[in-house]
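Q: Input: one structure, supplied below.
The values are calculated or read from the model by the stated rules, or taken from the named source; none is laboratory data. Keep in mind it's a predicted model, so treat the numbers as computed, not measured. We place every Cβ from the backbone using ideal geometry, glycine too, and count neighbours over all the protein chains shown. In case anyone asks, the SASA skips ligands and DNA or RNA and just uses the protein heavy atoms, side chains included. Shrake-Rupley method; radii C 1.70, N 1.55, O 1.52, S 1.80 Å.
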Amino acid sequence: MAASVDPFYVVKDELSMKIDAITGKTVKFLELLDSTNTAKSPEFKDARRSLGKDLKSAEKQLRDLTFTVDMVQKDREQFAHIDDYELEQRDAYIKKARKNLNEMKSTYQGERVKRKMIADERAEIESKPMSSLGATNSDEAENTQFIHEQQAQGQMIIRQQDEHLVLHLELLIDTHRHVVH
């Protein structure tokens, strides 16, 4: 089978383009993380959602490619037209793509991002009137700080859950459209 009609190469090319796009989106995401208030910025929220969606989609494509290589490895007779060298090249591509995606996903879900988002949520809460909650001494101020921290973490968790729900809904709709068409 010629490489030009081999479905592996079609999906590989699509995945390579998607990984390149994700790389660019990760850079933009980190720029926005550093330069905006993540609790307020619609651009950051859109970039985060878009990057998350693309990461999920690329992981799905990578699983599909992995499945095809596993099938070839398990039934070498049926796929005799794919020699050992070609199979090694496919496996190497999958490992490299997985490593790249895992690195970008780690950045997207990493502690740096979480810390910044919590700090921005906390600053947003503290900027509102009555942020001291009536604290009159250091113990009460410490308790108020703890409450603000918990509120900020809670807000971040709620936003992440909302993003994941939207992401899964969008992927479900895309999958349904693909199956129907």
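Q: Identify the residue in region 84-98 that is of a type outside the set (Val, Ile, Thr) and in contact (Cβ under 8 Å) with a residue 24 or more places away in the chain and, among all such residues, is farthest from residue 17 (Cα to Cα).
A: Within region 84-98, the first condition is being of a type outside the set (Val, Ile, Thr), and the residues that meet it are 84-93, 95-98.
So of that shortlist, the ones also in contact (Cβ under 8 Å) with a residue 24 or more places away in the chain come out as 90, 93, 97-98.
Numbers: 90: 16, 93: 13, 97: 11, 98: 14 Å.
The selected residue is 90.
Q: Among residues belonging to region 139-154 that are over 25 Å from the mean Cα position of the chain (by Cα) and aliphatic (A, V, I, L, M), point out the one that is most open to solvent (accessible area, probe 1.4 Å).
A: 147
Q: Return the only residue of 107, 136, 144 being polar (S, T, N, Q) and modelled with pLDDT of 90 or more.
A: Numbers: 136 fails: modelled with pLDDT of 90 or more; 144 fails: modelled with pLDDT of 90 or more.
Step by step, each of 107, 136, 144 is checked, and only 107 is polar (S, T, N, Q) and modelled with pLDDT of 90 or more.
Q: Tell me, which helices (runs of 4 or more DSSP H) wholly within region 1-111 include 1 or more residues that are open to solvent by 40 Å² or more (accessible area, probe 1.4 Å), out of contact with any helix residue (DSSP H, G or I) (no Cβ under 9 Å at 6 or more places or on another chain) and under 19 Å from residue 159 (Cα atoms)? Break it down into steps so the answer makes sense when it comes.
A: Values: elements: 7-35, 42-74, 84-109.
In region 1-111, 42-74, 84-109 are the helices (runs of 4 or more DSSP H) which contain 1 or more residues that are open to solvent by 40 Å² or more (accessible area, probe 1.4 Å), out of contact with any helix residue (DSSP H, G or I) (no Cβ under 9 Å at 6 or more places or on another chain) and under 19 Å from residue 159 (Cα atoms).
Q: Going residue by residue through region 3-19, is there one that turns out to be closer than 23 Å to residue 112 by Cα, within 18 Å of the chain's Cα centre (by Cα) and modelled with pLDDT of 95 or more?
A: The initial filter retains those residues of region 3-19 that are closer than 23 Å to residue 112 by Cα, namely 19.
Filter once more, keeping what is within 18 Å of the chain's Cα centre (by Cα): 19.
Checking which are modelled with pLDDT of 95 or more leaves us with 19.
Yes, the conditions are met somewhere in region 3-19.
Q: Something else now. Assess whether residue 168 counts as being under 25 Å from the mean Cα position of the chain (by Cα), open to solvent by 70 Å² or more (accessible area, probe 1.4 Å) and at pLDDT below 75.
A: Yes.
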